[in-house]
Amino acid sequence: MRRFSSKLIFVTFSVFAAILFVALRQTPRASAQLTPPTRPRTVDGGGAAPSRGPLTPGETLSFHVSWASFTTAARLDLEVVDQGAFYGQEGYQLRTRVTTLDRARSVFMEIDNQYTSYVHAGTLLPYRIESSVRQGSRSLDDIVNIDQRGRQVRFADESQLGLTGDTYDLTSLVYALRAKTSIASGKTRVSAIYGHNVVELAIKVGEKQKIETPAGIFDAVRVEIDPKSKSKYTTQIWFSDDAQRLPVLITARLPFGEVRAELSGARYNPRPKQIWSKEKYAEGPKGAGEMYAEVEKARPFAVGEKIGYEIAWGNFASVGKASFSVRQRGRISNRNVIELVGEASTTGVARSLIEVDDELISIVDATTLFPLRTETRLKEGIRRKQVVADYFWNDGSVKLSNGTHFKVAPQSLDLVSLYYIVRSSNLQAGTSLRYNVLDANHRQVILTLRGVKVEQIGSQLGNLAALQVDVMRDKTLVAQVWISQDARRIPLYLAIKTLFGELRFNLATTSGLR
């Protein structure tokens, strides 16, 4: 029971608590006091764009899988989920799903497996692999971190494995073969992670053939993938002989027989940031683009800014990290938008209890900062949650990717847009502002922020004048924030009251400040 309680603590605080996450859950004890920030002290002064190949973010390739007498034994999906910055590196998020169907599912086994690979934008080598295996009563989740430069692999159970060279996993290998311009000829060897082992594979390019699948007829190049151990279990992939280099047919000889996966369809569902374009200022006096530029110039933050915090709890000086960043701006459907990102993860002792890596992406209107779309990606131990919320301000509703559709108060915010809209506000000592907020579980609450007083505090940026802001829910103090009183209006320190103790966010790193 004690171990379970510890896990619950670290799961709760890490989910984007940077402003008042816990305030959105339960009302804490009113008598508890929050720790103020450090008082004034003397402080010592002190990437290339992702490459583009045949990989298209938003692309999903679906395959009919046949095996033995089962003509529709399973469904296979290969997806380029997204392109951007993940876990500190620019790259692609790739996902493979395998699900048994119909008679094979009822007679053979219920299989629902998902494998997610985060690969470097230039090399397509993976640096993080997440797997979720559901096979009958068997359930297994794993996270693998790969240091390609240091030639080291670390698994979720803290076991490690040395590498002898560049190493793929099976998902990234398929996309790397798609991207290789030399695929039309030659033979090579590669290493790949399979489970907790590294296998050597021989890659051989075969002849061109016409391949017919449910998706059409393709001129394709056959690529053979054979284990170096001379195992009889081999794989062949036919790639379309065009710019897309689609894997149109996959056959694998396995211990239980030959499995055949035929391309049945390809669909393209781009995420908002993939269809952004540079703003073009309108002709004539005060065009829309010029007006937006003036609004942006007056803001306390700009594209490229990133602010990081160390999270303290109880006597532990650092149990996690959180960050907020202004990733990019552009246009969607003739609307100026900004992509804001919040990230949180456990560190040190806390991470040994539970690995947390959460991300909240908010696409906001560039002028109002009201959210248009929020993507929530939570990875907390074995828990996984990924949901997209689209805001429809014409009728005041939000629709979730799971089909849920509900009404919200006008000008409702998510947690990340709240962080930036408070910075952009004119909150001063003696004034207050009210906000309708949706938390990470899309529950609605009303928060009141009261400017209390301006005082000098110590911070990573030195001694600065900061406005103390009390955050109230139902007349109860749930958090306090100190915001710098310069043009950047940086939240320097946050203290949040919870049922299990106080969380303190200390400014640790900054980059891209105005």
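The values are calculated or read from the model by the stated rules, or taken from the named source; none is laboratory data. Remember, it's a predicted structure, so these values are computed and weren't measured experimentally. Reconstructed Cβ throughout: ideal geometry from the backbone, glycine too, with neighbour counts over all protein chains shown.
Here are the numbers for the structure shown:
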item	result
Residue within region 288-307 that is at pLDDT 80 or above, assigned to a strand (DSSP E or B) and crowded, with 19+ Cβ neighbours inside 10 Å present	yes
Residue match in region 90-102 (condition: modelled with pLDDT of 90 or more, touching a His at 6+ places or on another chain (Cβ under 9 Å) and of a type in the set (F, W, Y))	yes
Filter pass, A121 being over 24 Å from the mean Cα position of the chain (by Cα) and either surrounded by 19 or more Cβ atoms within 10 Å (Cβ to Cβ) or modelled with pLDDT under 90 (or both)	no
Residues of region 460-506 classified as out of contact with any Pro (no Cβ under 9 Å at 6 or more places or on another chain) and farther than 14 Å from P37 by Cα, total	8
Meets criteria (surrounded by fewer than 19 Cβ atoms within 10 Å (Cβ to Cβ), in contact with a strand residue (DSSP E or B) (Cβ under 7 Å, 6 or more places away or on another chain), among the β-branched types (V, I, T) and in a strand (DSSP E or B)) for V133	yes
Top-ranked residue in region 482-514 [being touching a helix residue (DSSP H, G or I) at 6+ places or on another chain (Cβ under 7 Å) and assigned to a loop (DSSP other than H, G, I, E, B); ranked as surrounded by the most Cβ atoms within 10 Å (Cβ to Cβ)]	R489
Extreme residue, nearest to A266 (Cα to Cα), among residues of region 56-69 that are surrounded by 18 or more Cβ atoms within 10 Å (Cβ to Cβ) and of a type outside the set (S, T, N, Q)	L61
Residue that is nearest to A508 (Cα to Cα) [pool: residues in region 325-363 that are over 17 Å from the mean Cα position of the chain (by Cα) and β-branched (V, I, T)]	T347
Any chance R373 is more than 17 Å from L415 (Cα to Cα), among the charged types (D, E, K, R) and either more than 17 Å from the chain's Cα centre (by Cα) or buried (at least 18 other Cβ atoms within 10 Å of the Cβ) (or both)	no
Selection within region 455-493 - under 22 Å from N436 (Cα atoms), of a type outside the set (K, R), out of contact with any Leu (no Cβ under 8 Å at 6 or more places or on another chain) and at pLDDT below 95	D474, T476
Residue check for L369: part of a loop (DSSP other than H, G, I, E, B), under 24 Å from A298 (Cα atoms), out of contact with any Pro (no Cβ under 8 Å at 6 or more places or on another chain) and at pLDDT 90 or above	yes
Residue within region 103-111 that is of a type outside the set (K, R), under 29 Å from F256 (Cα atoms) and modelled with pLDDT of 85 or more present	yes
